[in-house]
Amino acid sequence: MSTSSSSSSIWSVSYRKLKFFSRIRRFLQSKAIRKGSYGSSSTSDNSNKLRTKDNNDKDEEDHQLVMEKESELDGSVVLQKSVNRLHFGSWEEKEMAAIAIEKLAKEDVKARKFMAELGVIHMLVSMVATEVVGRHRAAIKALIQLANGTSTNKALMLEAGILSKLPKDINVVDEQTRQEFAELLLSLSSISNTDFCPNKPEILQFLIGILESPCSVETKELCLGVLYNLSAVLENAGALVSNGVVHTLLNLSSSFKELSEKALAALGHLVVTLMGKKAMEDSSIVPQSLIEILTWEDKPKCIELSAYILMILAHQSSTQRDKMSKAGIVPVLVEVSLMGSLLAQKRAMKLLQWFKDERQAKMGPHSGPQTGRVPLGSPLHPKEAQEGKKMMKNLVKQSLHKNMEMITRRANAGGGVVDSSNLKSLVSKSLTF
């Protein structure tokens with residue numbers, strides 16, 4: 001009873017304001033007409049003309065102010081009718097009210113906060129569960145606008161149970177509805193609220209279902225944005241990994257170039273956690289898929305992200321470095337260190353240094369030919385040993401030059417430019433590899 005009485009008082013105040021400003025408008029209009037006719041008939045006194053002009057300008061400003069106030073009141077009247085229909089109207093009236101509320105929320109930021117106080121959000125959330133496509137789509141679109149730029153409204157939507165209204169089977173809803181649901185989830189996931197977490201099975205079930213289905217790229221991009229926001233919170237890593245998000249992201253990153261960057265960015269959040277790193281190490285497509293991404297010359301950001309993930313996996317893990325070496329990562333890293341972006345070059349050189357240090361560590365004092373194994377009667381002359389080292393160095397140098405020439409030709413064919421000084425520097429550094 002108190003809520004209904006307060007609402008009726010609000011509407012009565014708005015109605016009185018409308019009548020008041022309408023009267024002011026009519027009064028100022030008649031006043032402006034009288035001032036204009038008087039000014040045109042009085043031509044004898046210059047000072048009277050100036051005063052008349054000033055008065056007309058002031059009247060015009062007052063008229064414009066009144067028009068703006070009237071426009072605000074018109075919006076209030078529309079809002080009043082829409083809220084009333086949303087609460088007490090038929091289903092058809094509720095749908096029309098949701099469309100009007102979407103328009104008002106899109107145009108007026110202040111109206112978004114005011115609508116929440118009138119109980120609009122709870123009514124719209126309840127409409128989302130209706131089976132009629134037009135009705136639940138109108139409700140979702142209105143909620144998207146109401147969530148824009150206000151964390152309070154987002155929290156109210158979560159409290160009203162919007163996540164429980166997500167479709168259990170994405171195949172029963174059309175593509176446009178999936179995209180609008182994904183857009184609303186992306187907006188809700190941008191707030192630091194404990195109610196929006198992957199522990200609720202509806203969220204990941206919906207997101208993974210879309211990412212593993214033949215939905216549009218736009219819809220999948222929205223879902224990847226949600227996973228990116230969720231993965232940025234370390235506490236969410238356990239739920240994401242246990243629900244198979246890592247496997248889904250790895251498949252997307254290597255299968256769809258247009259989605260790879262966002263998928264790799266989310267993987268970059270998860271790889272720094274123990275569970276995320278373990279899931280990637282156990283994957284059958286790692287490191288091959290990540291090494292393949294390093295060869296995408298038209299996707300420099302993907303190369304940087306892939307190199308970052310490989311760095312985390314290779315750090316303090318000889319097992320992972322051995323898998324990468326067997327998968328042929330070294331020549332790919334050499335190419336990235338020559339033609340990649342500055343950040344990609346830095347990461348590639350860091351990985352190459354780790355492989356170099358590991359190989360030198362393996363070549364300990366018991367590696368290579370031992371002097372004790374040289375047969376008696378055929379001592380190794382120091383001069384012969386020096387010539388052998390020189391010959392091996394020349395062979396390694398020739399091999400490296402052939403690889404560099406191949407990379408240079410490939411770069412020139414693709415329009416890239418390779419600095420010869422960098423080339424010689426890398427060759428000289430690699431001779432001790």
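In square nanometres, what is one fourth of the surface area of the convex hull spanned by the alpha carbons of the range 163-223?
Working: hull surface 15.3 nm².
Mean projected area for the range 163-223: 3.8 nm², to one decimal.
Does the range 299-338 come out rounded, prolate or oblate by the C-alpha gyration tensor, with a ≥ b ≥ c the root eigenvalues, rounded set by a/c under 1.5 and, if not, prolate when a/b is larger than b/c and oblate if not? Present the calculation step by step, with values, prior to reporting the outcome.
Working: a/c = 2.54, a/b = 1.40, b/c = 1.82.
Oblate, since a/c reaches 1.5 and b/c is not below a/b.
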> Taking the Cα-to-Cβ direction at D357 and at S213 and moving 7 Å from each Cα, how far apart do the two end points lie in nm?
Replying inline: 4.8
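Quick check: residue separation of L274 and C197 times 0.36 nm, minus the Cα distance between them. What number comes out in nm? Working shown, then result.
Details: separation 77, 0.36 × 77 = 27.72 nm, distance 1.93 nm.
Length gained, L274 through C197: 25.8 nm.
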> Can you give the percent of C-alpha pairs in the range 283-362 whose distance is more than 20 Å?
Replying inline: 22
> In what sequence, highest mean first, do 253-260, 353-360, 168-175 appear when ranked by Cβ atoms within 10 angstrom?
Replying inline: 253-260, 353-360, 168-175
> Each label point is 7 Å from the Cα along the Cα-to-Cβ direction; what then is the distance between the points at H87 and E235, in nm?
Replying inline: 3.6
>> Keeping every protein chain present and rolling a 1.4 Å probe, give me the accessible area per residue for the range 73-165 in Å².
In response: 48
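I'm a student and want to see the number: the projected area of the Cα convex hull of the range 228-271, averaged over all directions, in nm².
Averaged projected hull area, Cα only: 2.6 nm².
I need the shape label for the range 167-280. Rule: rounded when a/c is under 1.5, else prolate if a/b > b/c, else oblate, with a, b, c from the alpha carbon gyration tensor. Walk me through the numbers before you get to the answer.
Working: a/c = 1.70, a/b = 1.25, b/c = 1.36.
Oblate.
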>> Which of the three applies to the range 73-165, rounded, prolate or oblate, going by the alpha-carbon gyration tensor with a ≥ b ≥ c and a/c under 1.5 meaning rounded?
In response: oblate
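Relative to the compact globular guide of 2.2 N^0.38 Å, what is the alpha carbon radius of gyration of the range 216-356, as a ratio?
0.99
The values are calculated or read from the model by the stated rules, or taken from the named source; none is laboratory data. Not measured: the values here are computed from a predicted model. Note: ideal-geometry Cβ built from the backbone for every residue, glycine included; neighbour counts use all protein chains shown. Only protein heavy atoms, including side chains, enter the accessible area calculation; ligands, DNA and RNA are left aside. Shrake-Rupley method; radii C 1.70, N 1.55, O 1.52, S 1.80 Å.
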